[in-house]
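Read through the structure below, which is laid out as structure tokens, and then see the notes.
No lab work stands behind these numbers, since they all come straight from the coordinates. Just so you know, these numbers come straight off a predicted model, no measurement behind them. Positions of Cβ are backbone-derived with ideal geometry, glycine not excepted, and every protein chain shown enters the neighbour counts.
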Amino acid sequence: FLTTVSGSGAGTTLTYQGAYGGLQSDLVNWDNANAGEFGFAASVNGVGSPGVKAVDIEGLEFAGSSASTAYLAFRSPLEPTGGRHLALVLPLTNINALIGGGPATFGAPMQWDLGGLGIRDIRENADGQYLLIAGTADGSNTAFALYQWDGNPADAPARTGTTVPVVPAT
């Protein structure tokens, strides 16, 4: 969905501009056009990574200074369909066109070895580097790790020395 924020302080307003509900279909159609490499159709129909039965995007961040390309960071499914151990980031190349009715278009996917974890969030810092919170894809919340990425699609993220504690469910 798209909103506009106006004003500041107590006078701040948030105005709804529109929404797009076709992203899941666009992902499945794109994947099917690419020989079903990522198994999105199966995932949205209940087949996917062990313990995961969905296409779950948990992170979204604009690509550098772009106003039209954003990175979709997937918690699940993990890739490839035959092994399910790599995290997936897919550039959405026309995010601004979605409110007008889409369809979404995608760039070259990135698959990263994050120790069998999916991506829970992705954020760019002021230096143009990205921080990734990686976590279990199945919702067990038994493992988390923090990675940094330089924003170059040819480069893999590097795990930081930061420990991310697991907080037990209450």
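Summary table below
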quantity	calculated
For the range 1-80: rounded, prolate or oblate by the Cα gyration tensor [a/c cutoff 1.5]	prolate
Overall Cα dimensions of the range 105-161 - principal axes, largest extent first, Å	30, 29, 16
Kirkwood Rh (inverse of mean 1/r, distinct Cα pairs), the range 1-146, angstrom	16.2
Peptides ranked, highest mean first, by Cβ atoms within 10 Å: ranges 54-64, 18-28	54-64, 18-28
Packing rank of 146-156, 32-42, where each peptide gets the mean count of other beta carbons within 10 Å, highest leading	32-42, 146-156
Cα-Cα separations in the range 51-131 greater than 15 Å, expressed as whole percent	59
Helical contribution to [θ] at 222 nm, DSSP H n ≥ 4, -39,500 (n - 2.57), averaged over the chain, rounded to 500	-2500 deg cm²/dmol
Listed peptides 100-106, 10-16 by packing density, highest first (mean Cβ within 10 Å)	100-106, 10-16
